[in-house]
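The values are calculated or read from the model by the stated rules, or taken from the named source; none is laboratory data. As the structure is a computational prediction, the values presented were derived from the model and not from experiment. Here the Cβ is made from the backbone with ideal geometry for all residues, glycine too, and neighbour counts use every protein chain on show. Quick note on the areas: whole protein, heavy atoms, side chains included, nothing else; ligands and nucleic acids left out. Shrake-Rupley method; radii C 1.70, N 1.55, O 1.52, S 1.80 Å.
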Amino acid sequence: MTNKTKKKLGIALKVAILVLVAWVLYQKLNNHQNLKEFERLMHNLGTDTVVITLSVVVVLMFANWFLEVVKWQYLCRPIERIGLWRATQSVFCGLTWAVFTPNRIGEYGGRVMFLQPRKRIFGVVAMGVGALAQLVLTSVAGSLSIAWFVNRFFEVTTVGGAAIWVLAILYASFFLVLYFNVRWINSWMQRIGFLRKFHRFFEILTRYSRRELATVFLNSLARFIIFTSQYCILMLVIIPDIEFLPMLLLIFILFFVQAALPTLDLFDFGVRSVTASYLYAHITDQDIAVMAIASCVWFINLILPAILGSVFVLKINFFGDTTN
């Protein structure tokens, strides 16, 4: 293709993405009953409480994604040095792409478009390291919380309960060991015939030292604490009589289920709401409030940043160097 054709095609792709995002967001948010219920619940708390609570949750959202920006910039160092602003555009653009793709897979494509074309596949692998760090935390906290949940709310024998704890610990340990030995994945790729040709892209995994992996892990832990805090704040404000420890452990299970089920960000509120309603029915009868809180966190953490990120879609150069 000529440069002129590439330019026209690039503009058409950007417009198509923005139109698609605008349409699906409008369709899903226009009649979102849980968000309307959340608005009603917050209205009953008083203006000052509402403003302070939502301000804190939104500030935590920006802190969460700032940490992700820093992590992405750090992970890119072995591939391509990018500035903080470019990393910010990259992360938020990825969030825009994520809203209409299964399990947020589009986030990878949207984000790596801000790297040089020949570095983009390496960027996908590097992004996978960051995603794995987040998955490890979700898996460890979630599996151990599920063991607690089953032993507390279901009738299991002592032996059965102990077996569940052992399985949970083994499951959590597997993810921890895999993460800090992520270079093993590169070796596995060489042994699988049809994947061997992609081996060179996974070589990037061998460039991360355990110290660097630990840095990424601590960043992910900080993010995990932040979005856990968002749920805690809203629940303690709207359902003040809820027990704190069970509430916290059920949040971990909610994260675990969300990570395990394939879904779209746009439909993720349904998964979150239904799962949260089932889990919290064991400790509170405020199921409507729980579903509303889950939907609010979904909107603030994923949909609001995706809307902001739509601006950066215009910065993508699909066929050449990204313009800063």
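Which ones in the stretch 101-159 are of a type in the set (Lys, Arg) and closer than 20 Å to Arg223 by Cα? If you could, list the steps in order and put the result at the bottom.
The initial filter retains those residues of the stretch 101-159 that are of a type in the set (Lys, Arg), namely 104, 111, 118-120, 152.
Across the stretch 101-159, the qualifying residues are Arg104, Arg111.
Looking at Leu9, Leu18, Leu35, Leu54, which one is touching a Phe, Trp or Tyr at 6+ places or on another chain (Cβ under 9 Å), modelled with pLDDT of 70 or more and part of a helix (DSSP H, G or I)? First the steps, then the outcome.
Working: Leu18 fails: touching a Phe, Trp or Tyr at 6+ places or on another chain (Cβ under 9 Å); Leu35 fails: modelled with pLDDT of 70 or more; Leu54 fails: touching a Phe, Trp or Tyr at 6+ places or on another chain (Cβ under 9 Å).
Residue meeting the stated conditions: Leu9.
So, in the stretch 178-191, of the ones that are among the hydrophobic types (A, V, I, L, M, F, W, C) and open to solvent by 70 Å² or more (accessible area, probe 1.4 Å), which residue ends up modelled with the lowest pLDDT? Can you show your working first?
Of the stretch 178-191, the ones among the hydrophobic types (A, V, I, L, M, F, W, C) are 178, 180, 182, 184-185, 188-189.
Checking which are open to solvent by 70 Å² or more (accessible area, probe 1.4 Å) leaves us with 184, 188.
Details: Trp184: 89, Trp188: 81.
Per the criteria, the residue is Trp188.
Pick from Leu115, Leu137: which is of a type in the set (A, V, I, L, M, F, W, C) and in contact with a Gly (Cβ under 7 Å, 6 or more places away or on another chain)?
Among Leu115, Leu137, only Leu115 is of a type in the set (A, V, I, L, M, F, W, C) and in contact with a Gly (Cβ under 7 Å, 6 or more places away or on another chain).
Going by the conditions given, is Phe122 open to solvent by less than 40 Å² (accessible area, probe 1.4 Å), in a loop (DSSP other than H, G, I, E, B) and either touching a Phe, Trp or Tyr at 6+ places or on another chain (Cβ under 9 Å) or not hydrophobic (A, V, I, L, M, F, W, C) (or both)?
On the way: open to solvent by less than 40 Å² (accessible area, probe 1.4 Å): yes; in a loop (DSSP other than H, G, I, E, B): no; either touching a Phe, Trp or Tyr at 6+ places or on another chain (Cβ under 9 Å) or not hydrophobic (A, V, I, L, M, F, W, C) (or both): yes.
Answer is no for this residue.
Condition check ((1) closer than 24 Å to Asn151 by Cβ; (2) at pLDDT below 85; (3) in a loop (DSSP other than H, G, I, E, B); (4) open to solvent by 10 Å² or more (accessible area, probe 1.4 Å)) across all residues:
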site	(1), (2), (3), (4)
Arg223	no, no, no, yes
Leu236	no, no, no, yes
Pro240	no, no, yes, yes
Phe256	yes, no, no, yes
Pro262	no, yes, yes, yes
His282	yes, no, yes, yes
Val290	yes, no, no, no
Ala306	no, no, no, no
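Is it the case, given these coordinates, that Leu245 is open to solvent by less than 40 Å² (accessible area, probe 1.4 Å), more than 15 Å from the chain's Cα centre (by Cα) and within 20 Å of Ile146 (Cβ to Cβ)?
Values: open to solvent by less than 40 Å² (accessible area, probe 1.4 Å): no; more than 15 Å from the chain's Cα centre (by Cα): yes; within 20 Å of Ile146 (Cβ to Cβ): yes.
Here the answer is no, as Leu245 does not meet what is asked.
Can you tell me which residue among Val150, Val166, Val156, Val140 is open to solvent by 50 Å² or more (accessible area, probe 1.4 Å), part of a helix (DSSP H, G or I), without any contact (Cβ under 8 Å) to a residue 40 or more places away in the chain and of a type in the set (Val, Ile, Thr)? Explain how you work it out, then say what you get.
On the way: Val150 fails: open to solvent by 50 Å² or more (accessible area, probe 1.4 Å); Val156 fails: part of a helix (DSSP H, G or I); Val140 fails: open to solvent by 50 Å² or more (accessible area, probe 1.4 Å).
Every option except Val166 fails the conditions.
Within the stretch 168-176, is even one residue among the hydroxyl-bearing types (Ser, Thr, Tyr) and modelled with pLDDT of 95 or more?
The initial filter retains those residues of the stretch 168-176 that are among the hydroxyl-bearing types (Ser, Thr, Tyr), namely 171, 173.
Next cut, modelled with pLDDT of 95 or more only: 171, 173.
Yes, that holds for at least one residue.
Quick check on this structure: which one of Phe175, Phe201 is open to solvent by less than 90 Å² (accessible area, probe 1.4 Å) and under 19 Å from the mean Cα position of the chain (by Cα)?
From the options Phe175, Phe201, the qualifying one is Phe175.
Name the residues in the stretch 70-116 that are open to solvent by less than 40 Å² (accessible area, probe 1.4 Å), among the polar types (S, T, N, Q) and over 16 Å from the mean Cα position of the chain (by Cα), would you?
Scanning the stretch 70-116 gives a single hit, Gln89.
Answer yes or no: is there a residue in the stretch 268-275 that is modelled with pLDDT of 75 or more, part of a helix (DSSP H, G or I), of a type in the set (A, V, I, L, M, F, W, C) and crowded, with 23+ Cβ neighbours inside 10 Å.
no
Out of all the residues in the stretch 79-89, is one or more in contact with a Gly (Cβ under 9 Å, 6 or more places away or on another chain), closer than 19 Å to Leu302 by Cβ and modelled with pLDDT under 95?
To start, the set of residues in the stretch 79-89 that are in contact with a Gly (Cβ under 9 Å, 6 or more places away or on another chain) comprises 79-80, 89.
From what's left, closer than 19 Å to Leu302 by Cβ: 89.
The next check asks that each one be modelled with pLDDT under 95; those that pass are 89.
For the stretch 79-89, residues in contact with a Gly (Cβ under 9 Å, 6 or more places away or on another chain), closer than 19 Å to Leu302 by Cβ and modelled with pLDDT under 95: present.
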